[in-house]
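Okay, structure first, notes after.
The values are calculated or read from the model by the stated rules, or taken from the named source; none is laboratory data. In this text the structure is predicted, and so the values were computed from the model without any measurement. Ideal geometry is used to build each Cβ from the backbone, glycine not excepted, and the neighbour counts take in all protein chains shown. What goes into the accessible areas is simple: the full protein's heavy atoms, side chains included, and nothing from ligands, DNA or RNA. Shrake-Rupley method; radii C 1.70, N 1.55, O 1.52, S 1.80 Å.
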Amino acid sequence: MKFPPIRFLFTAAFCVTTASQAPASDSADMIPVEFKQLSESVWMHTSYKHYEKFGPVPANGLIVAEGTQSILIDSGWTDAQTDAILDWARDDLKQPVTRAYFTHAHLDKMGGVGAVKSRDIETYALELSNELALANGLQPAENDIHLSVGQDVLSVGLVDLFFPGGAHSHDNLVAYVAKDSLLYGGCMVRSAASKRLGNTQDADVLHWDTAIGLVKQRFPQVDIVVPGHGAPAGPELLERTQVLVKRHVD
Ligand SMILES: [Zn+2]
């Protein structure tokens, strides 16, 4: 079945948003994890962390379902949120997570690695991410991925992992699901609502534009782009991010 382009996606009947059973609270950290189906095989999980300066900050990751199992791309901010994501895949989707991949060593992507590891799910991240995780006070994944900049793609089931080099961070990976023409850009891709590049503390702003160029070259067929924070949209998010990068560098 061919899914409609993204502009129709969010009004279509199959696009379901559900929430986990976590208790409601005023605290952003207690906002239930949200799940939204983006394509035939891909669900987005969104969890929140409260920052004094910004209020509740959402962060996205994916669940890519295939057969009786699914692959997790990125955890929630916390172990509790990640437990809710893993429970949901097992109990609601009925396709439990068997492998998890993390796209860089920041709290919004690897804050729940511990919850994943405690369930004996295989965990993977770039060797550099695992080193940085330790330096950043995060749990590393159990297994190292080795990818050279702009070269190989690591194919895991429906997911192709690609390392375009430094952008939002020096270790950011992207994930592509060819059958659904869906690109998960993670934090190296900004949402349409973003006016700036976000947290550039660990960024490689001088390579960011090139990194997006490499992603476009490697995955020319893209209908849906999922940013690390905010709403998914179409491939225009890649160009939009390049504009923000140029503005930042100038
Ligand atoms: Zn980050």
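Using a probe of 1.4 Å on the protein chains alone, the accessible area found for residue 66 is around 90 Å².
Helices in the chain, meaning DSSP H runs of at least 4 residues, each add -39500 (n - 2.57). Divided by all residues, the mean residue ellipticity at 222 nm is -7000 deg cm²/dmol. A Förster distance of 35 Å, applied to the separation of the beta-carbon atoms of residue 250 and residue 53, puts the FRET efficiency at 0.85.
Peptides 93-102, 72-81 ranked from most to least packed, by the mean per-residue count of other Cβ atoms within 10 Å: 72-81, 93-102.
Kindly identify region 113-165 as rounded, prolate or oblate by the Cα gyration tensor criterion: order the square roots of the eigenvalues as a ≥ b ≥ c, call it rounded if a/c is under 1.5, otherwise compare a/b with b/c, prolate if a/b is larger, else oblate. Oblate shape, in that a/c is at least 1.5 and b/c is the bigger or equal ratio. Ligands, DNA and RNA left out, the 1.4 Å accessible surface of the chain is 53% carbon and sulfur atoms. With the Kirkwood sum run over all distinct C-alpha pairs, the chain has a hydrodynamic radius of 17.8 Å. Accessible area of residue 44 (1.4 Å probe, protein heavy atoms only, ligands and nucleic acids ignored): about 10 Å². Karplus-based coupling profile of region 100-108, in residue order and whole Hz: 9, 10, 10, 9, 4, 8, 10, 4, 6, with θ = phi - 60° in 6.51 cos²θ - 1.76 cosθ + 1.60 and x standing for Gly or Pro. Quick one: if the Förster radius is 25 Å, what FRET efficiency do residue 90 and residue 136 give, using the C-beta to C-beta distance and rounding to 0.05? Given R0 = 25 Å and the Cβ-Cβ separation, E is 0.30. Projecting the Cα atoms of 39, 125, 50 onto the charge dipole of the chain, computed from C-beta unit charges around the Cα centre, puts 39 farthest toward the positive end. On a per residue basis, the chain carries 44 Å² of accessible surface, using protein heavy atoms and a 1.4 Å probe. Each residue of region 224-238 is assigned a 3J(HN,Hα), and the resulting list reads 10, 10, 10, x, x, 9, x, 6, x, 8, x, x, 4, 4, 5 Hz, derived from the Karplus form 6.51 cos²θ - 1.76 cosθ + 1.60 (θ = phi - 60°), x at Gly and Pro. Please state the shape class of region 183-244: rounded when a/c is under 1.5, otherwise prolate if a/b exceeds b/c and oblate if not, all from the C-alpha gyration tensor. Judged from the Cα gyration tensor, region 183-244 comes out oblate (a/c at least 1.5, b/c at or above a/b).
Here the Debye sum runs over all C-alpha atoms of region 34-114 as equal scatterers in vacuum, and log10 of I(q)/I(0) at q = 0.18, 0.25 Å⁻¹ comes out as -0.67, -1.20.
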